[in-house]
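These notes concern the structure reproduced below.
The values are calculated or read from the model by the stated rules, or taken from the named source; none is laboratory data. Treat the numbers as computed from the prediction; the structure is a model and nothing was measured. Cβ atoms come from the backbone with ideal geometry, glycine included; neighbour counts cover every protein chain shown. The accessibility values were calculated without ligands, DNA or RNA, using every heavy atom of the protein model including side chains. Shrake-Rupley method; radii C 1.70, N 1.55, O 1.52, S 1.80 Å.
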Amino acid sequence: MTKKEVRKVVKQSILDGKTKQETFETLKETAKLPTEDLAKIIQSIPSLQARQKYKTLNMILIGLLSLTVLFKMMAGIPIIIENGIKWFPVLFILPIINILLLIGVATYSQSSHKWVAIFTILGLLRSLSDILGQPFEPLIIIDLTIAAGLIGLGFYLNSKLCPDYLTVKERYQNNQGQDRLRNVIKFND
């Protein structure tokens, strides 16, 4: 199986209600991938329990992302007024990254929560370079509050929805009856 095929099977298994550990044990032999690669694929897909537990925070993040899309679209309105209706597509080009991130967060796509935080940090750094040296505007506080929410929720939800797996040493006896150690992958779901 290719990684793409494995990802589909893993996603379906988790959506069917199996735990990450059950999915890992089932696919360990049939996937024909190194165990670390398989573990990373499984780790990147949130379990149903995690989705349910953090549903409210995810909805808040979706709301904040929707605000950023709205604000960016509003920023394009003066361009349309000034240059005519032919510039209408600008309304959708300006927030394209935010729209894609919004879709990713809503569908629990791989790493989308982390990318929300990263892109917000990059945008904040760019904005701060424009703000420095300018007179203080109270609306900046709203922007900073939304950015803080996006960054905090993005990283927090990424860590809670896709927690790292553990590699632990386990003793076992081989075919010759000798005690050996092997690495075993355990998921915290």
**OP:** Could you name every one of the helices (runs of 4 or more DSSP H) located completely within the range 1-113 that has at least 3 residues being under 28 Å from Leu144 (Cβ atoms)?
**Re:** 55-83, 90-93, 96-106
Subject >> Within the range 158-178, tally of residues that are open to solvent by less than 50 Å² (accessible area, probe 1.4 Å), on the phi < 0 side of the Ramachandran plot and in a loop (DSSP other than H, G, I, E, B) >> reply: 4
Original post:
Filter the range 19-33 for residues that are over 23 Å from the mean Cα position of the chain (by Cα) and of a type in the set (Ser, Thr, Tyr); which is surrounded by the most Cβ atoms within 10 Å (Cβ to Cβ)?
Top reply: Thr26
**OP:** Sort out which residues of the range 72-105 are open to solvent by less than 80 Å² (accessible area, probe 1.4 Å) and touching a Pro at 6+ places or on another chain (Cβ under 7 Å), and write them in order of number.
**Re:** Met73
**OP:** Tell me, please, whether a residue that is hydrophobic (A, V, I, L, M, F, W, C), surrounded by 14 or more Cβ atoms within 10 Å (Cβ to Cβ), closer than 30 Å to Lys28 by Cα and at pLDDT 90 or above can be found in the range 106-127.
**Re:** yes
Subject >> Odd one out for Arg51, checked against (1) surrounded by fewer than 16 Cβ atoms within 10 Å (Cβ to Cβ); (2) more than 30 Å from Gln12 (Cα to Cα); (3) touching a residue at least 24 places away in the same chain (Cβ under 8 Å) >> reply: (2)
**OP:** Look at Thr68 and say whether it is open to solvent by 70 Å² or more (accessible area, probe 1.4 Å) and in contact (Cβ under 8 Å) with a residue 24 or more places away in the chain.
**Re:** no
Original post:
Is it fair to say Ala75 is under 30 Å from Arg182 (Cα atoms) and not polar (S, T, N, Q)?
Top reply: no
